[in-house]
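One structure is given below, encoded as structure tokens.
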Amino acid sequence: MTMHRIKGLEYRAVAIIGVGADHVPQPHAVTPVSEDRLQHERDLQRERSLLFVAATRAREQLAVTWAVKHSPFLEGSH
């Protein structure tokens, strides 16, 4: 299922696949900074929260994968 559909559910194990820089955050879901800086920041927070919610659906095991370069959301604390 998608990260959007997992909200409110809980599983013993969750795998979040494809958390690459080209896919998370989804480019079409984020307003360009040049268009509206405040909306851009809100969009990034929404996308970051979506990944967080998906990751916290796992009770016992969580696996996150990506190819080439991981999403900036996986770096340090934000």
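Evaluate the following for Ile17: is it surrounded by 12 or more Cβ atoms within 10 Å (Cβ to Cβ) and touching a residue at least 40 places away in the same chain (Cβ under 8 Å)? Criteria not met by Ile17. Consider segment 27-48 and keep the residues that are loosely packed, with under 12 Cβ neighbours inside 10 Å and not aliphatic (A, V, I, L, M). The one that is nearest to Pro72 (Cα to Cα) is Pro27.
Report, by residue number, each residue of segment 21-78 that is part of a loop (DSSP other than H, G, I, E, B), on the phi < 0 side of the Ramachandran plot and touching a Gly at 6+ places or on another chain (Cβ under 8 Å).
Kept after step one, since they are part of a loop (DSSP other than H, G, I, E, B), are these residues of segment 21-78: 21-26, 30-36, 56-57, 65-69, 71, 75-78.
Checking which are on the phi < 0 side of the Ramachandran plot leaves us with 21-26, 30-36, 56-57, 65-67, 69, 71, 75, 77-78.
Correct list: Val24, Thr65, Trp66, Ala67, Lys69, Ser71.
Within segment 53-68, the residues that satisfy the criterion of being more than 22 Å from Leu9 (Cα to Cα) and surrounded by 10 or more Cβ atoms within 10 Å (Cβ to Cβ) are Trp66, Ala67.
Just so you know, all these numbers are worked out from the coordinates, no wet-lab data involved. These numbers come from a predicted model, not from an experiment. Note: ideal-geometry Cβ built from the backbone for every residue, glycine included; neighbour counts use all protein chains shown.
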